[in-house]
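Notes for the one structure printed next.
The values are calculated or read from the model by the stated rules, or taken from the named source; none is laboratory data. Keep in mind that this is a model prediction, so the values were computed, not measured. With ideal geometry, Cβ positions are generated from the backbone for all residues, glycine too; neighbour counts draw on all protein chains shown. In case anyone asks, the SASA skips ligands and DNA or RNA and just uses the protein heavy atoms, side chains included. Shrake-Rupley method; radii C 1.70, N 1.55, O 1.52, S 1.80 Å.
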Amino acid sequence: MDDLRDKYIDLIANAGDEASLEDLRVQAVGKKGEISLKMRELGKMTPEERQIMGPKLNALKDEINTALSAKKEALADAALNERLKSEWLDVTLPARDARVGTIHPVSQVIEEVTTIFADMGFSVAEGPQIDTDFYNFDALNIPGHHPARAEMDTFYMHRAEGDNRPPHVLRTHTSPVQIRHMEKHGAPCRIIAPGRVYRADYDQTHTPMFHQVEGLAIDKDISMANLKWVLEEFFAAFFEVKGIKTRFRASHFPFTEPSAEVDIQCSWEDGQLKIGEGDGWLEVLGSGMVHPKVLQAAGVNPDEWQGFAFGMGIDRIAMLKYGIPDLRAFFDSDLRWLRHYGFASLDVPTLHGGLSR
Ligand code: DAH
């Protein structure tokens, strides 16, 4: 019986497919199989012999049946794997490297500006693009009759008749973020506020939507000297030049006193503009010491606190840095332009790794 067992266990283990396994089953435990025939012989045995041989033969039959079904399952698995391999279909697509997206120069420059000011301890503040005329004008010391309201070519939101909520405008500058920030967080503070602004204007250097970055630093003893240092640090880092001279020209803004327009040093040679050298000047921003009335409107005591503010055109400094001649191209969504002037999406600007590559 042991020989019989070894023979079949071995044959089953080596069966190559389900058909030969079925042959083996018939051969061993089928009606006329070797083991079945042996069981029939039990009838001819003495009761004593039968008592020993009966259980043994039954156990053998069970063992063979178990081995058969285990092997059958293994063969089915193998057959399925084989089928999966041959019938496998690649449903993935290769990455379309010919059509990568790019980061818009304006987004890139906002990242660069933020990186530089963050390094000097400024955090980023935000305000709504649709704001009330209080935040956009009144709180900034621009009363209703002030010519600045008309000069800014303001977009007013439509108001239904009988609607007596305060008038809303598309903000004409990022300065209202100064008020909103101080109202909420008080002084001292050090923030920049980059974002979209709107004016009804359109030509080679004006678009109805453009970008500004506001700066605000309020503390006990902040002066114009701090403003000058911060701006010179900023321009040297932004234009990636060693040092850069600035020129402050007396000016007037309702929300600052004194006010200054700031120029940066540049040269024009063979029609090529170079920032940070030569003795030409380029106007880049407006600035000044925050007017006491503005602090007051934002709930900050002007007898206790003072500081500087500035507002700069992001699109303009982007054009200067990356040699983009027409402002309107920024917003045309022309794919060829975007591919040419865009930045690699994973090249996040950092001060240690380089602002632009
Ligand atoms: N808000 C001004 C504008 O849009 C720019 C500006 C000038 C902002 C002087 C300031 C500032 O914070 O101090 O034209």
Scanning region 115-141 residue by residue, those more than 16 Å from the ligand (Cβ to nearest atom) and among the polar types (S, T, N, Q) turn out to be 115, 123, 132
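Just to be sure, is residue 311 within 16 Å of the ligand (Cβ to nearest atom), of a type in the set (Gly, Ala, Ser) and not in a helix (DSSP H, G or I)?
Working: within 16 Å of the ligand (Cβ to nearest atom): yes; of a type in the set (Gly, Ala, Ser): yes; not in a helix (DSSP H, G or I): yes.
In short, yes.
Every residue, every condition in (1) open to solvent by 40 Å² or more (accessible area, probe 1.4 Å); (2) at pLDDT below 95; (3) among the acidic types (Asp, Glu), yes or no:
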site: 203; (1), (2), (3): yes, yes, yes
site: 220; (1), (2), (3): yes, no, no
site: 228; (1), (2), (3): yes, no, no
site: 243; (1), (2), (3): yes, yes, no
site: 259; (1), (2), (3): no, no, no
site: 275; (1), (2), (3): no, yes, no
site: 281; (1), (2), (3): yes, yes, no
site: 288; (1), (2), (3): no, no, no
site: 295; (1), (2), (3): no, no, no
Of the listed residues (282, 351), the one being out of contact with any strand residue (DSSP E or B) (no Cβ under 6 Å at 6 or more places or on another chain) and of a type in the set (A, V, I, L, M) is 351
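Residue 265: out of contact with any helix residue (DSSP H, G or I) (no Cβ under 8 Å at 6 or more places or on another chain), open to solvent by less than 40 Å² (accessible area, probe 1.4 Å) and assigned by TED's automatic domain parsing to the domain that holds residue 182, yes or no? Show your work before the answer.
On the way: out of contact with any helix residue (DSSP H, G or I) (no Cβ under 8 Å at 6 or more places or on another chain): yes; open to solvent by less than 40 Å² (accessible area, probe 1.4 Å): yes; assigned by TED's automatic domain parsing to the domain that holds residue 182: yes.
Spelling it out, residue 265 is indeed out of contact with any helix residue (DSSP H, G or I) (no Cβ under 8 Å at 6 or more places or on another chain), open to solvent by less than 40 Å² (accessible area, probe 1.4 Å) and assigned by TED's automatic domain parsing to the domain that holds residue 182.
Quick check on this structure: which one of 107, 175 is of a type in the set (Gly, Ala, Ser) and either in contact with a Ser or Thr (Cβ under 8 Å, 6 or more places away or on another chain) or within 16 Å of the ligand (Cβ to nearest atom) (or both)?
Values: 107 fails: either in contact with a Ser or Thr (Cβ under 8 Å, 6 or more places away or on another chain) or within 16 Å of the ligand (Cβ to nearest atom) (or both).
When all the criteria are applied, what remains is 175.
Conditions tested, residue by residue: (1) more than 13 Å from the ligand (Cβ to nearest atom); (2) hydrophobic (A, V, I, L, M, F, W, C).
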position: 216; (1), (2): no, yes
position: 238; (1), (2): yes, yes
position: 244; (1), (2): yes, yes
position: 248; (1), (2): no, yes
position: 259; (1), (2): no, no
position: 275; (1), (2): yes, yes
position: 279; (1), (2): yes, no
position: 284; (1), (2): no, yes
- Task: Looking only at region 158-165, decide whether some residue is open to solvent by less than 30 Å² (accessible area, probe 1.4 Å) and within 30 Å of residue 200 (Cα to Cα).
- Result: no
Residue in region 341-355 that is open to solvent by less than 40 Å² (accessible area, probe 1.4 Å), within 26 Å of residue 267 (Cα to Cα), touching a residue at least 60 places away in the same chain (Cβ under 8 Å) and within 16 Å of the ligand (Cβ to nearest atom) present
no
Evaluate the following for residue 207: is it modelled with pLDDT under 95 and surrounded by 14 or more Cβ atoms within 10 Å (Cβ to Cβ)?
-> yes
Considering region 36-52, residues that are aliphatic (A, V, I, L, M) and open to solvent by 60 Å² or more (accessible area, probe 1.4 Å), and then whichever is farthest from residue 72 (Cα to Cα), we arrive at 52
Subset of region 28-42, residues of a type in the set (Lys, Arg) and under 17 Å from residue 62 (Cβ atoms), comes to 38
Output for Cβ contacts, cut-off 8 Å, separation at least six or different chains, first residue within 21 Å of residue 186 (Cα to Cα) in region 220-232, second outside any loop (DSSP other than H, G, I, E, B) and among the hydroxyl-bearing types (Ser, Thr, Tyr), reads 227/287
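Can you report the number of residues in region 7-35 which are in a loop (DSSP other than H, G, I, E, B), loosely packed, with under 14 Cβ neighbours inside 10 Å and over 60 Å from the mean Cα position of the chain (by Cα)? Walk me through how you get there before you give the answer.
Step one: filter region 7-35 for residues in a loop (DSSP other than H, G, I, E, B), giving 15-17, 30-33.
The next check asks that each one be loosely packed, with under 14 Cβ neighbours inside 10 Å; those that pass are 16-17, 31-32.
The next check asks that each one be over 60 Å from the mean Cα position of the chain (by Cα); those that pass are 31-32.
The number of residues fulfilling the criteria is 2.
For residue 147, are the conditions met, namely being under 26 Å from residue 303 (Cα atoms) and open to solvent by 30 Å² or more (accessible area, probe 1.4 Å)? Spell out the reasoning first.
Working: under 26 Å from residue 303 (Cα atoms): no; open to solvent by 30 Å² or more (accessible area, probe 1.4 Å): yes.
Here the answer is no, as residue 147 does not meet what is asked.
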Residue pairs within 7 Å by beta carbon, gap of at least six or interchain, first lying in region 309-330 and outside the structural domain of residue 112 (by TED's automatic domain parsing), second within 16 Å of the ligand (Cβ to nearest atom) and of a type in the set (Val, Ile, Thr), listed first then second, are none
